[in-house]
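No value in this document is a laboratory result; all are computed from the given coordinates. As the structure is a computational prediction, the values presented were derived from the model and not from experiment. Neighbour counts run over all protein chains shown; Cβ positions are idealised from the backbone, glycine included.
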Amino acid sequence: MIITASVAVDVKHPRAKKEYTYLVPERLASSMNIGDLVRIPFNNIKSYGVVTGLFDSMEETADYKLKEVISKEAVSLSAELVDLSRALAKYYGTPIIDFLKLMLPPKVNIKKESVYSICSTDKVISSRAFNQKKVFEFILNNGTVTANHISVSLNISLSSTRSALTALIKKGIIKREYRAVRRTPKVISDEKSYGHINLTMEQQKAVTTIIENYFSSKKTTLVYGVTGSGKTEVYIRAIDRVIQEGKSALMLVPEISLTPQMLSIFRRKFPGQTAVIHSKLSLGERFDEWQRIYSGEALVVLGARSAIFTPIRDLGIIIIDEEHETSYKNGEHPYYDARTVARFRTKNQNAMLVLGSATPSVESYYKVAMGEYLLVKLTKRVSGRPLPKLEIIDMKQEMKSGNRHIFSRKLLYGMKNTLESHKQVILFLNRRGHSTFVICRDCGFVLKCKYCDISLTYHFEDKSAKCHYCGYSVKAPDLCPKCRSKNIRYFGAGTEKVEQEVKRIFPEYRTLRIDSDSTSKKGSMEKMLWKFKKGAAQILIGTQSVAKGLDFPNVALVGIISADTSLNMPDFRCGERTFQMITQVAGRAGRGNTPGVVYVQTYAPESFAIKAACDLNITGFYQEELKIRHKALYPPFCHMLNITFKGRYEDMIKKEADKVKKMLVEKYKNHIEIYGPVPAPRSKIKDNYRYNILLKSRQLQTLIQTCEYMQALNKNSQVDMAWDMDPQDLL
């Protein structure tokens, strides 16, 4: 009997990313399983791959001699994860190995440390070997220990301790062994224990509904809860009940900034059972947390988008907090949406999916209306605290009255009163840097990135102009590069400028700024948020990282510097994102004993999205948005596939895109609406021109077939073609 294995091979070339057949040598035949990580020969090199199928045959069926599997590694993925990878590969039109790799641990070694123990008590130690005698007696009394432990306990230098240990090993009195050291991600927390929390009536009803649903149909459940309504406590009670049934739980949060706060709570509630996965962990920390999940030690997994692929055993429930967030979508190859993966995974493993948000996505709201999702409501804040009062400030009127400042007079007055009453302020602007563009007022020249068709953002701290897409940076010019004029000006405002102005106006108060520029160092964001919560700063300025999920009881005022940032983007979701942004940021105010107030500065006070958010009119907003989407045929009334062409030569890209469109029209003209090709809104990034073709269809299966068709096309080697199912960003 000959056993062959289908192996998805990890290679770089896209066209070579396929499944290949290998002979399983006799020595491995009895232990080989689907999901095993194996080493195999490929194109005269040794590569890694994952076994995706095993077959018995009486003889080699191929007309060429098959190569043999070289070795089997210690890692093996479950059959469910292999099935999940195959389903995702078909859905997104991507080689299966690209998803299997997301499930494997990082390629790092297990961290080890030396430990010492007694192996003989019969040998005599000279009385002159003072340190050796002390070290021997310490190990005899304390068992297996490290050199550091001995050094600190005996107050002997580490070098002297190691010398004594080496001598004792040579004499055969002690022995040295190695043990694995677990790298545990640290979390800042000032809360000592997880006390008992009495649920409100709404929370108790929500928990009861979720648990009853878990034991019956496991229907996908949407928890709609206003900001501060206690959704986290509902999640914890549901997870606790699932764990009691011998199952595991996975909870996703959209921002890494939320992970420390949530991890602190979960570690206190589920001590020793919680693991965390996100991109800011070191490779070693990520490897060790992966091992804890893989071994079944961790029953609760908390993480950002990538945690959806962890090899958690006996999965019972997946909870996705702030389910509306676009950060759940991976914006590069392999494209995937963690919410879609969660739906596949819960169906595959008979688990339950819970989605939570104060501002659900339009798609989720629609599925509740259609009866596809179960709805659970939390309409009141805990402890009866009122929702904050929101007020629109028309910045056009501010300008007419002579105020050209980035702060309205009402916001400045509110900040002054709030700070003087020893309360805190959050200022939100979803744009980092100092000024959004640099312009010459004489000739109109705008400083742009040499690699992207994007204006450079001015950064005050290092007097540079930077591209936020490719990282290109130049010293901000004193003279116009085009006409040599000195009349260079900086327009628009970013978080740096807001910080600069706040420090000028309120110099006596401590200010913190949180954006990707100020929090690049590992752990810096967590430290800043902790400082703000402890009252070490009175004003917090930030981008989207401060917009959601964070609980600061002393914040009484929130100022949204510009509500128009996302409103004017060329994207059909701009209204939805504006509504969600305002509602989420506003939710940071009034979570303590002081009622909150939110000032929303805008140049478009007539916008329905802005007015609906400030009126807390969630039902009215979604109903209006669904009418617009239905008329224009956008999700949830259709499915979309965005095809992007990019390369260095624009004419060649346009020609290739036209060719692909013609082929798609011939094959699918009666089943798909095809738009383009047109230059992408961000038409040039990293020296590559970009064109888009957008496909719409009411039938998802038709777009899945299109993905398969795209994979089979003969592609131009000088044009990179990628396709994104369910795109969240068309820019």
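Each Lys and Arg Cβ is given +1 and each Asp and Glu Cβ -1; about its Cα centre, the stretch 639-725 then shows a dipole of about 140 debye. Which net charge results when you count Lys and Arg as +1 and Asp and Glu as -1 among the other residues whose beta-carbon is under 11 Å from that of HIS324? Net local charge, HIS324 excluded: -2. Cβ-to-Cβ counts within 10 Å put MET352, MET103, MET201 in ascending order as MET201, MET103, MET352, the fewest first. A straight Cα-to-Cα reach below 20 Å connects LYS486 with the lysines LYS448, LYS463, LYS475, residues fewer than 8 places away in its own chain not being considered.
Structural size metrics of the stretch 201-381, computed from C-alpha coordinates, are Rg and Dmax of 15.2, 45 Å.
Footprinting exposure proxy ranking of SER516, SER6, fewest other C-beta atoms within 10 angstrom first, gives SER516, SER6.
GLY49 sits among other residues whose Cβ lies under 12 Å from its own Cβ, and their net charge, with Lys and Arg +1 and Asp and Glu -1, is +3. Ordered by the count of other Cβ atoms within 10 Å of each Cβ, fewest first, SER282, SER151 give SER282, SER151. Calculated mean residue ellipticity at 222 nm for the chain: -10000 deg cm²/dmol, from DSSP H runs with n ≥ 4 weighted as -39500 (n - 2.57), summed, divided by the residue count and rounded to 500. Binning at 5 Å from 0, report for the stretch 487-534 what percent of all alpha-carbon pair distances ends up in each bin. It works out to 4, 17, 22, 21, 20, 9, 4, 2, 1, in whole percents. Spatially, the stretch 441-467 and the stretch 145-172 are offset by 59 Å when compared through their Cα centroids. Between ARG404 and ASP462, how many nm apart are label points set 7 Å from Cα along the C-beta direction? For ARG404 paired with ASP462, the spin-label model returns 3.1 nm.
The Rg/Rh ratio of the chain, with Rg taken over Cα atoms and Rh as the Kirkwood radius over Cα pairs, comes to 1.01.
When the chain is fully extended, how far beyond the present Cα-Cα distance does LYS123 get from LYS715, taking 0.36 nm per residue of separation? The partial results should precede the final answer.
Working: separation 592, 0.36 × 592 = 213.12 nm, distance 7.52 nm.
Extending this stretch completely gives an extra 205.6 nm.
Local charge for THR310 was computed over the other residues whose Cβ lies under 12 Å away, with Lys and Arg +1 and Asp and Glu -1, and equals +4. Just want the answer: with Cβ charges of +1 for Lys and Arg and -1 for Asp and Glu, which residue in LEU731, ASN716, ASN617 is farthest toward the dipole's positive end in the stretch 602-731? Going by the Cα projections, it comes out as ASN716.
Note on the stretch 2-103: Kirkwood hydrodynamic radius from all Cα pairs is 13.8 Å, rounded to one decimal.
For the peptides 599-609, 480-490, the ranking by packing is 599-609, 480-490, with the highest mean count of neighbouring Cβ atoms within 10 Å listed first.
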